[in-house]
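The values are calculated or read from the model by the stated rules, or taken from the named source; none is laboratory data. Bear in mind that the values here come from a model prediction, so they are computed numbers and not experimental data. Cβ coordinates were reconstructed from backbone atoms using ideal geometry, including for glycine residues, and neighbour counts include every protein chain displayed.
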Amino acid sequence: MTTALPIYPFEHQRCIGTICEVGPSSAKVNLPYAASLDGQWLYGNRLGAGEVGEFIIIESGDTGIFGRLVSIKLPERDRLSVEPGSGKHDAHPIGTAQLLTTIALKNGEVTGGIAQHPRLGSCVYAAHPLLLKWLAERTGSGNPTVVFELATLPSAGEIPVIFTPEQLFGHHCAILGATGGGKSWTIARILEQAMKQNAKVILFDATGEFHTLGSGVHNVYVGATSAPEALATEVVVPYFQLTEADLFALFKPSGQTQAPKLRAAMKSLKLAKVDPNLASEGVLVKVNKNRAAFESSNRTHATTLENPQADFDISNLVRQIDAECVWPTSQRDSSSWGGPDEQARSYCVTLLARIEDMLQSNEMACIFQPVGKRSLFTEIEQFLSRDNEPVMRISMKFLSFQQNVREIAANAVARSLLTLARQSRFESRPTLVILDEAHQFLNKSLGDESNRYALEAFGLIAKEGRKFCLTICIATQRPRDIPEDVLSQMGTLIVHRLTNDRDREVVERASGEIDRTAAAFLPTLAPGQAVIIGVDFPIPLTIQICKPQHEPDSRGPNYQTCWDASATSPSES
């Protein structure tokens with residue numbers, strides 16, 4: 001008996017059949033007990049003894065080959081033997097087993113792939129629950145003290161499974177699944193476990209459903225609302241902490257005239273701020289003005305002017321764009337600007353109206369009217385410096401969808417986090433970013449061909465954040481909308497029920513550990529069940545996510561109350 005494994009895998013009572021055919025990645029198994037209606041019981045645990053989805057281990061010399069039954073059938077001659085009243089009892093079921101991985105019996109080393117194929121007649125055993133638990137929890141790092149009690153094994157008597165943060169997030173993580181599959185439970189459970197550890201987690205809560213989380217969470221929300229969240233702090237995303245590219249994406253200037261005038265106006269307002277002597281009431285007036293002083297100041301403050309941050313007084317932007325609508329040279333003096341360019345001004349009318357509306361809009365006050373409110377960027381800085389707050393939740397429920405404000409603001413925050421990571425801010429305190437409803441923020445490009453704005457900050461975190469101790473966990477019900485190069489960076493996939501075939505194909509391409517046979521189980525997963533796949537997991541393993549203590553607010557509409565015909569309608573009251 002080996003001491004490397006938690007239990008001897010080839011116990012006689014667990015033998016359920018023998019190998020009758022061997023292929024490169026699968027094998028056929030004689031399953032004499034598979035026609036039994038109730039399976040078998042051993043030491044209080046149920047043995048399917050031949051059920052689809054059951055994990056098995058095949059004896060093969062000094063190794064054990066781990067596999068999973070993916071189909072079971074009766075030979076044509078025996079198919080009527082299971083019919084009641086047929087009088088026949090000699091059924092000979094045959095199962096197809098997917099071969100997953102190899103375990104060395106002497107030292108417990110797990111090898112990806114099949115190092116040694118089984119021989120005909122090799123015995124097949126139902127995998128012991130403790131062996132499944134051992135495979136799931138293998139970390140190669142001794143006895144870790146920081147662990148997440150995330151799930152149980154539904155096929156193994158609800159045995160709890162403990163994962164380390166390295167397994168789950170060390171190479172980034174993706175939580176995938178259709179609506180109602182259990183993604184929100186998984187996120188809530190991860191956050192609750194993070195609160196028990198010395199963790200740092202920032203959650204982008206796209207729908208506000210995680211407001212139910214208990215103590216240990218620093219809650220902030222962005223956006224205008226008449227019913228603010230209790231115990232949450234209102235924050236803003238000030239325009240002057242965005243970049244000029246962010247403002248271009250918000251204002252959406254056309255390429256030929258509006259974009260150059262907007263760019264020139266931003267530069268002029270920056271210059272007016274650092275050299276107010278050139279300005280009149282905060283605006284650089286250019287009509288028939290000599291350019292010498294302007295160009296000299298430009299050279300003096302070149303570094304400030306080239307900084308991408310939108311560090312200027314945006315209340316003067318409309319007037320400054322109007323001031324930019326001048327002829328480049330005067331007919332009488334080539335060193336001066338000319339008179340008003342009425343044609344350019346007419347081209348900019350729609351841009352000026354759009355900017356004016358946005359600056360006064362209540363929905364965008366969190367960006368353009370930030371005076372007296374706490375900056376989200378400052379809140380994040382303070383959160384990262386505090387040791388007694390493991391989780392920060394950024395609710396985006398009240399943030400407008402107009403003009404792509406939500407996506408642009410989230411991208412700006414992610415870009416700020418990546419900048420901090422590149423400055424080695426997270427080396428002593430690795431930080432996890434959880435992005436819920438990730439399909440809203442990834443794989444998007446705003447603007448037209450002449451002014452393209454890519455929402456790439458979260459994707460860059462996935463591609464380079466790990467080496468700076470900043471990792472990301474994305475959650476989405478639409479894996480097909482996530483860029484393939486981003487999804488392929490996810491070292492761990494927690495996949496709940498997926499019914500769309502295109503979504504399953506994306507998962508197959510993103511992970512080398514799951515093929516079409518294993519993906520076929522995804523549509524049949526029960527709520528809360530998931531298949532966990534990853535570089536630190538030798539096999540795709542089905543787990544049952546533990547119920548979080550504070551369930552997220554994922555309720556749908558109450559039709560029984562709202563559509564009750566016996567209730568008094570609003571018009572009757």
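Residues in the stretch 335-355 that are of a type outside the set (Gly, Ala, Ser) and more than 14 Å from Gln403 (Cα to Cα): Trp337, Pro340, Asp341, Glu342, Gln343, Arg345, Tyr347, Cys348, Val349, Thr350, Leu352.
Looking at Leu498, Leu455, Leu470, Leu487 in this structure, which one is surrounded by 20 or more Cβ atoms within 10 Å (Cβ to Cβ) and within 30 Å of Arg263 (Cβ to Cβ)? Step through it out loud before you land on a result.
Numbers: Leu498 fails: within 30 Å of Arg263 (Cβ to Cβ); Leu470 fails: within 30 Å of Arg263 (Cβ to Cβ); Leu487 fails: within 30 Å of Arg263 (Cβ to Cβ).
Leu455 is the lone residue from the list that is surrounded by 20 or more Cβ atoms within 10 Å (Cβ to Cβ) and within 30 Å of Arg263 (Cβ to Cβ).
Check whether at least one residue in the stretch 264-277 is assigned to a helix (DSSP H, G or I) and either outside the structural domain of Gln309 (by TED's automatic domain parsing) or aromatic (Phe, Trp, Tyr) (or both), and report yes or no. First the steps, then the outcome.
Let us first name the residues in the stretch 264-277 that are assigned to a helix (DSSP H, G or I), namely 264-274, 276-277.
Checking which are either outside the structural domain of Gln309 (by TED's automatic domain parsing) or aromatic (Phe, Trp, Tyr) (or both) leaves us with none.
Taking every residue of the stretch 264-277 in turn, none turns out to be assigned to a helix (DSSP H, G or I) and either outside the structural domain of Gln309 (by TED's automatic domain parsing) or aromatic (Phe, Trp, Tyr) (or both).
Of the residues making up the stretch 245-286, those that are more than 15 Å from Phe368 (Cβ to Cβ) and among the acidic types (Asp, Glu) are Asp275, Glu281.
For the stretch 145-178, residues that are part of a strand (DSSP E or B), assigned by TED's automatic domain parsing to the domain that holds Ala526 and among the polar types (S, T, N, Q) total 0.
Counting only residues that are buried (at least 18 other Cβ atoms within 10 Å of the Cβ) and without any contact (Cβ under 8 Å) to a residue 12 or more places away in the chain, the stretch 422-452 holds 0 of them. Residues that are of a type in the set (D, E, K, R), farther than 28 Å from Thr243 by Cβ and either part of a helix (DSSP H, G or I) or in contact with a His (Cβ under 7 Å, 6 or more places away or on another chain) (or both) occur in the stretch 515-524; there is at least one.
Residue-level check: of (1) under 18 Å from Lys252 (Cα atoms); (2) acidic (Asp, Glu); (3) in a loop (DSSP other than H, G, I, E, B), Asp333 misses just (1).
Only one of these is at pLDDT 90 or above, in contact with a Leu (Cβ under 7 Å, 6 or more places away or on another chain) and over 30 Å from Asp341 (Cα atoms): Val201, Val217. Name it. Break it down into steps so the answer makes sense when it comes.
Details: Val217 fails: in contact with a Leu (Cβ under 7 Å, 6 or more places away or on another chain).
Going through Val201, Val217 in turn, the sole match is Val201.
Filtered by the rule that a residue be free of Cβ contacts under 8 Å to residues at least 40 places away in the same chain and within 18 Å of Ala421 (Cβ to Cβ), the stretch 465-507 gives a lone residue, Lys467.
Take the conditions surrounded by fewer than 19 Cβ atoms within 10 Å (Cβ to Cβ), part of a helix (DSSP H, G or I) and touching a residue at least 60 places away in the same chain (Cβ under 8 Å) and apply them to Glu356. Does it pass? Answer is no for this residue. Return the total of residues in the stretch 260-282 being under 29 Å from Ala224 (Cβ atoms) and of a type in the set (A, V, I, L, M). Of the residues in the stretch 260-282, 4 are under 29 Å from Ala224 (Cβ atoms) and of a type in the set (A, V, I, L, M).
The condition of being in contact with a Gly (Cβ under 8 Å, 6 or more places away or on another chain), under 22 Å from Leu231 (Cβ atoms) and either of a type in the set (S, T, N, Q) or surrounded by fewer than 20 Cβ atoms within 10 Å (Cβ to Cβ) (or both) holds for only one of Glu389, Glu363, Glu381, that being Glu389. Step by step: first the residues of the stretch 139-153, then only those that are surrounded by 14 or more Cβ atoms within 10 Å (Cβ to Cβ) and more than 22 Å from Gly48 (Cα to Cα), then the one that is modelled with the lowest pLDDT. Which residue is that? The selected residue is Thr139. Of the residues in the stretch 456-479, not one is closer than 22 Å to Asp503 by Cβ and at pLDDT below 90.
Output the residue which, of all residues in the stretch 103-122 that are among the β-branched types (Val, Ile, Thr) and more than 15 Å from Val22 (Cα to Cα), is surrounded by the most Cβ atoms within 10 Å (Cβ to Cβ).
Residues of the stretch 103-122 that are among the β-branched types (Val, Ile, Thr), as a first pass: 103, 110-111, 114.
After this cut, where a residue has to be more than 15 Å from Val22 (Cα to Cα) as well, the list is 103, 110-111.
Details: Ile103: 24, Val110: 17, Thr111: 13.
Step by step, filter the stretch 103-122, then rank; the result is Ile103.
Evaluated against (1) modelled with pLDDT of 95 or more; (2) assigned to a loop (DSSP other than H, G, I, E, B), Ala323 falls short on exactly one condition, (2). Residue count for the stretch 159-177 under the criterion of being under 24 Å from Thr524 (Cβ atoms) and over 14 Å from the mean Cα position of the chain (by Cα): the result is 4. Only residues that are in a helix (DSSP H, G or I) and in contact with a helix residue (DSSP H, G or I) (Cβ under 6 Å, 6 or more places away or on another chain) were counted across the stretch 298-309, and they come to 2. Taken over the stretch 281-320, the criterion of being at pLDDT 95 or above and touching a strand residue (DSSP E or B) at 6+ places or on another chain (Cβ under 7 Å) is satisfied by Asn316, Arg319, Gln320.
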